[in-house]
Amino acid sequence: MTFPDVAINLVKPKDPVEVRIVSTEIATAAPSPNFIRHITFDVSGTPLEGNIRAGQSVGILAPGTDANGKPHALRLYSVASPTGGEHGDGKIYSTTVKRVIDEHWETQELFTGVASNHFCSLKAGSTVRMTGPSGKRFLLPEHPEQYNYVFFATGTGVAPFRGMLLDLEALGMPTDTVLVFGCAYRSDFLYADLFGRIELGHPNFRYLKAVSREALRGDGSKPYVQTLIEDEAALLQPILRRENTLIYVCGLKGMEDGIYRMLDKHGIGGYFERGERGIKPTDRMLVETY
Ligand code: NAP
């Protein structure tokens, strides 16, 4: 399996471009305890124009300095757009941003993420300092029509899959493809209208959801993306057992281990190997987790 050649680091942190925010809107399905926005931005006239592929990320530089007086570190956000951007002309791209709002466990001081809150507070028409693109492996392969896909996403980890699914839809959704999306509450479905529309038009695409904090599973455990490997076994396992199926994983780090365990439990091979340094995904499993 090979990946398409992509441009990387065309815009470096030392010399970022100013990019205009085109729109910013709430991305959750209903009022939610999470504040997540779908933000579109215009890269026309910059080296990023026409040079971002679905699955890649851009960097955001928040203004100001950190506690040590140094400029804030770059934060990466996955692009949520298909390869040609929102309109196919390589100018307008989007991303999915969750405000990080938390409390320090020990001090109980309020903690707010610098870049996510800066980005989410920007209004349409204002600008943000951007770098990128980055990432050259978390992409659809060359000849995407030769593979089936199971995409596992938690929360904003769905961003790259919105782009990849729109790329696959543009090819007529050639093979069996499943998006398994996990979130805490039904209010937190991201892009559900879009995925529902793709599912209606393409019976070989299925959109599954694991809602962790509403109904529990029969054994009392939470529904997580990986538990659907057994709760939706009739749909997922035959696809996962095919030798030309690829798994993509994006979101919380913990889901990675959960997926390995569930694949192992059901005797589904080909996606990871056990080495001296622990578990390593094979070429058929692409992982981006934080
Ligand atoms: P979140 O709301 O905290 O969690 C989403 C869902 O995942 C919840 O239902 C949560 O359940 C569940 N979950 C928690 N632990 C899990 C586990 N071990 N296995 C499976 N599911 C689990 O998610 P979020 O705040 O949006 O976070 C998304 C993460 O994705 C962030 O860390 C972000 O940095 C990352 N991300 C990465 C990329 C990338 O790598 N390119 C792109 C976008 C986002 P409970 O909370 O009920 O346990």
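The values are calculated or read from the model by the stated rules, or taken from the named source; none is laboratory data. Predicted model, so just to flag it, every value in this text is computed and none were measured. Glycine also receives a Cβ, built like all others from the backbone with ideal geometry; neighbour counts cover every protein chain displayed. Heads up: the accessible areas ignore ligands, DNA and RNA and are worked out on the full protein's heavy atoms, side chains in. Shrake-Rupley method; radii C 1.70, N 1.55, O 1.52, S 1.80 Å.
Of all residues in the stretch 45-72, those being within 30 Å of LEU286 (Cα to Cα) and open to solvent by less than 80 Å² (accessible area, probe 1.4 Å) number 17. Annotation note: Cβ proximity below 8 Å between a residue of the stretch 185-209 that is part of a strand (DSSP E or B) and a residue that is hydroxyl-bearing (Ser, Thr, Tyr) and more than 16 Å from the ligand (Cβ to nearest atom) (sequence gap 6+ or interchain) occurs for PHE205/THR177; ARG206/THR177. Consider the stretch 93-131. How many of its residues are in contact with a helix residue (DSSP H, G or I) (Cβ under 8 Å, 6 or more places away or on another chain), among the hydrophobic types (A, V, I, L, M, F, W, C) and open to solvent by less than 30 Å² (accessible area, probe 1.4 Å)? Residues flagged as in contact with a helix residue (DSSP H, G or I) (Cβ under 8 Å, 6 or more places away or on another chain), among the hydrophobic types (A, V, I, L, M, F, W, C) and open to solvent by less than 30 Å² (accessible area, probe 1.4 Å) within the stretch 93-131 amount to 2. Scanning the stretch 8-28 for residues that are in a loop (DSSP other than H, G, I, E, B) and either open to solvent by less than 30 Å² (accessible area, probe 1.4 Å) or in contact with a Cys (Cβ under 9 Å, 6 or more places away or on another chain) (or both) gives a single hit, ALA27. For the stretch 188-216, the set of residues classified as open to solvent by 40 Å² or more (accessible area, probe 1.4 Å) and either under 26 Å from SER32 (Cβ atoms) or near the ligand (Cβ under 10 Å from one of its atoms) (or both) consists of ASP193, ARG197, GLU199, LEU200, ARG206, LYS209, ARG213, GLU214, ALA215, LEU216, listed by residue number.
Rundown of residues vs (1) at pLDDT 95 or above; (2) part of a loop (DSSP other than H, G, I, E, B), yes/no style:
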{"site": "ASP5", "(1), (2)": "yes, yes"}
{"site": "ALA30", "(1), (2)": "no, yes"}
{"site": "GLY55", "(1), (2)": "yes, yes"}
{"site": "ALA67", "(1), (2)": "no, yes"}
{"site": "SER78", "(1), (2)": "yes, no"}
{"site": "GLY88", "(1), (2)": "yes, yes"}
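Looking across LYS265, LYS280, one residue alone is touching an Asp or Glu at 6+ places or on another chain (Cβ under 8 Å), more than 16 Å from the ligand (Cβ to nearest atom) and open to solvent by 20 Å² or more (accessible area, probe 1.4 Å). It is LYS280.
Would you call ARG37 open to solvent by 20 Å² or more (accessible area, probe 1.4 Å) and in a strand (DSSP E or B)? Considered against the rule, which asks whether it is open to solvent by 20 Å² or more (accessible area, probe 1.4 Å) and in a strand (DSSP E or B), ARG37 comes out as yes. Of the residues making up the stretch 133-152, just one is in a strand (DSSP E or B), in contact with a Lys or Arg (Cβ under 9 Å, 6 or more places away or on another chain) and crowded, with 21+ Cβ neighbours inside 10 Å, namely PRO133.
Among residues of the stretch 217-246 being within 14 Å of the ligand (Cβ to nearest atom), touching a Ser or Thr at 6+ places or on another chain (Cβ under 8 Å) and in a helix (DSSP H, G or I), the one that is nearest to LEU263 (Cα to Cα) is THR227.
Would it be correct to say that THR156 is within 15 Å of the ligand (Cβ to nearest atom), open to solvent by 40 Å² or more (accessible area, probe 1.4 Å) and either touching a residue at least 60 places away in the same chain (Cβ under 8 Å) or within 19 Å of the chain's Cα centre (by Cα) (or both)? Yes, satisfied.
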